[in-house]
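Any read-out appearing in this document is the output of simple, stated calculations on the displayed coordinates, not a laboratory observation. Not measured: the values here are computed from a predicted model. Don't worry about glycine lacking a Cβ; one is built from the backbone with ideal geometry, like all the others, and counts go over all protein chains shown.
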Amino acid sequence: MTSKAKKAAIRAWTAALINNLTACGPLGAETADYLRSRRTKIGFSRQKHSAARWTPDGRILFAAQQYSPSTPPDDPFVLCTLVHEVCHLRQGWLTALSVYGELVAWQVGFRFYYTLIQRLPGQPLAELLSLPPTYDRLVLSRARNLMQAYAGKGYRVDLLPLYPLHHEIAWRMGIRVFPPDLCT
């Protein structure tokens, strides 16, 4: 397949994906509107231990070893992964690169998944969804452990600070005042 043909296939798949999101209730429609209004580019790249990732320039890249333009654009896991990554784009990189940001995005994404098929793909997710999205360090440590129990030890959420970086630094300096939750 030529480069032009690959790009055309990705564009067609992206359009179908966004159209499917629109039909998936209020959160799906809101996510689709966000993607359209920002003209978010969606593509594929090789990556380990995650289904997709967001980039600082606002793109979303699905794991090329798992997904391609031949993946059904109505696949519930693809749709929930896209909702998860858009949550990160909305959070901004300081929050997205924290256990708190991951907890919120996992909860948003898997609650969306649940609305599509009425079940969760793994046991640790039920407990993860029951956790409050809070700045409680014990809750965030538990969330980190549950994420790794589901995704595997290669999912390196353990390298992220519990709080968004600026709040983590403040906490380590003894400042214990935090803003309300950011992406709930």
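For the chain, a simple Cβ point-charge model (Lys and Arg +1, Asp and Glu -1, everything else neutral) yields a dipole of about 640 debye relative to the Cα centre. The magnitude of the dipole of the stretch 3-104, with charges of +1 and -1 set on the Cβ of Lys/Arg and Asp/Glu and taken from the Cα centre, is near 580 debye.
Rounded, prolate or oblate: pick one for the stretch 3-91, where a ≥ b ≥ c are the square roots of the eigenvalues of its C-alpha gyration tensor, a/c under 1.5 means rounded, and failing that, prolate if a/b is larger than b/c, else oblate.
Because its axes are fairly even, with a/c under 1.5, the stretch 3-91 counts as rounded.
Among the trypsin sites (Lys or Arg not before Pro) found in the stretch 3-58, those both in a DSSP coil and sparsely packed, with 12 or fewer other Cβ atoms within 10 Å of their Cβ, are 38, 39, 46, 48. How would you classify the chain from its alpha-carbon gyration tensor, with a ≥ b ≥ c the square roots of the eigenvalues: rounded for a/c under 1.5, else prolate if a/b is greater than b/c, otherwise oblate? Verdict is prolate for the chain.
Can you give the helix-only mean residue ellipticity at 222 nm for the chain, where every DSSP H stretch with n ≥ 4 adds -39500 (n - 2.57) and the sum goes over all residues, rounded to the nearest 500 deg cm²/dmol?
Mean residue ellipticity at 222 nm (helix-derived): -17500 deg cm²/dmol.
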